[in-house]
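This report concerns only the one structure given below.
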Amino acid sequence: MLPLLLLLQAAPPPRLTQFLQQRIGLDAAQLATVERGEPVVKVLETRDRRDVALFGIVTAPALREEYVRALRNFATSLRTPTRTRVGIFSEPATESDVAAVTINSRDVADMKNCKPGDCVVKLPATDMRSIHDQMNWSAPPSDLQAQLSAYAHRRLVEYVTDYRRRGDSAMAIYDDRGNLNVHSSEAFAAQLAESPYVYELVPSLRNYLATYPRGSLPAGAVEILFWSEDVLPRLRPILSVSHLVVYTPPELPSVTLAATKQIYANHYFETAVDLTCIIDRNPGIYLLVLRRYRFDNLPGGILNIRGRAIGALRDQLTLDLRRQQTTGK
């Protein structure tokens, strides 16, 4: 009787199993791998070649309440092995929130020749012109780096303040590549539309993210805006700004959701959406992670940049799932 009881306890609930098999496409062997405590990561099909979508799942021994408590300690939980710097915006945002932001020397050198349609850094055309006009380009590299960092501090605060006031309407319009006027808000809406099954059980969270700040934060939810600098293999350091909401919906009291919406990145990504679902298990929890990215350019060809990017992101999600298994312990 005891082995059968343990087997029943280890099996995922029927609704979760149905989702994993029918929506994600996991097979019986992959489900068994999950129940053994090993992470399973799958690359999902996307309609747009610029998009990359990944799903990951792992079990963890912590109680959901313990995991969520640790997650909501944002000063600690936002730090990862690949994240060199991170900061949380106060309300209202101030330049002290971004004092640790430094424009790296490689970006400093490339910014000199930055112009609309041809810029290594993802920026609106207005910022490119302001940087061109306001910087003393004959200054020593260290002074120029300080000038650009000070400009970034001011603009990040202005950007976050505007986003809190106008929501998606304030999100960046990127003019760095030949296809000018890339609206990051439209890229975000497209990613949200491609993941209907994720939010269909909790429409209040989807509506809040899509209509921010016009709607009310769902009761019991907490949110922050934060900036981070991430260093991934073979990529430039990525400075980004994100909006994070953590929510336990009353209609699903055994589930907590953590949704992260990227509202700016200085390299590679037009947008990114990360949703983590923390689901009660007996014992412990399931951690389900869906990540969707829209790249500004992701060619295949002989260099197989698309394949390399997918591989790097898949490996990163696997590492993150293993690390998150210890959260809340």
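Readers should treat all values here as calculations from the given coordinates under stated rules, not as data from a laboratory. What you see is a predicted model, and the numbers here were worked out from it, not measured in a lab. Cβ atoms come from the backbone with ideal geometry, glycine included; neighbour counts cover every protein chain shown.
What the table shows:
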{"read-out": "Dipole in debye (nearest 20) - the stretch 61-300, about Cα centre, beta carbon charges: Lys, Arg +1; Asp, Glu -1", "value": "260"}
{"read-out": "Prolate/oblate/rounded label for the stretch 81-218 (Cα gyration tensor, a/c 1.5)", "value": "prolate"}
{"read-out": "Cα-Cα P(r), the stretch 15-145, percent of pairs per 5 Å interval", "value": "2, 7, 10, 11, 12, 13, 12, 10, 9, 8, 4, 2, 0"}
{"read-out": "Of PRO116, THR248, SER149, farthest towards positive along the dipole that unit charges on Lys, Arg, Asp, Glu beta carbons give the stretch 61-300", "value": "THR248"}
{"read-out": "Sorted peptide list for 88-94, 49-55, criterion being average Cβ within 10 angstrom, highest first", "value": "49-55, 88-94"}
{"read-out": "Sequence-separation-based contact order of the stretch 11-106, relative, with Cα cut under 8 Å and 6+ spacing, percent", "value": "14"}
{"read-out": "For the stretch 103-170, Kirkwood radius (reciprocal of mean inverse C-alpha pair distance, Å)", "value": "12.8"}
{"read-out": "Virtual spin-label span in nm between ARG214 and ALA75, 7 Å along Cα→Cβ", "value": "3.7"}
{"read-out": "Whole-Å distance, taken between Cα centres, linking the stretch 41-75 and the stretch 119-196", "value": "27"}
{"read-out": "Relative packing of 242-253, 22-33, which averages over residues the other C-beta atoms within 10 Å, highest first", "value": "242-253, 22-33"}
{"read-out": "Per-peptide average of other Cβ atoms within 10 Å, ordering 60-71, 107-118 highest first", "value": "60-71, 107-118"}
{"read-out": "Percent of Cα pairs exceeding the 25 Å cut-off, where the set is the chain", "value": "54"}
{"read-out": "Overall form of the stretch 146-234 per C-alpha gyration tensor (a/c, 1.5; a/b vs b/c)", "value": "prolate"}
{"read-out": "Relative contact order (%) - the chain, alpha-carbon pairs under 8 angstrom, separation at least six", "value": "24"}
{"read-out": "Cysteines having no other Cys beta carbon under 4.7 Å from their own, within the chain", "value": "CYS277"}
{"read-out": "Cα shape, the stretch 170-279, gyration tensor, a/c 1.5 rule", "value": "prolate"}
{"read-out": "Where labels lie 7 Å past Cα in the beta-carbon direction, separation of ARG83 and LEU319 in nm", "value": "1.4"}
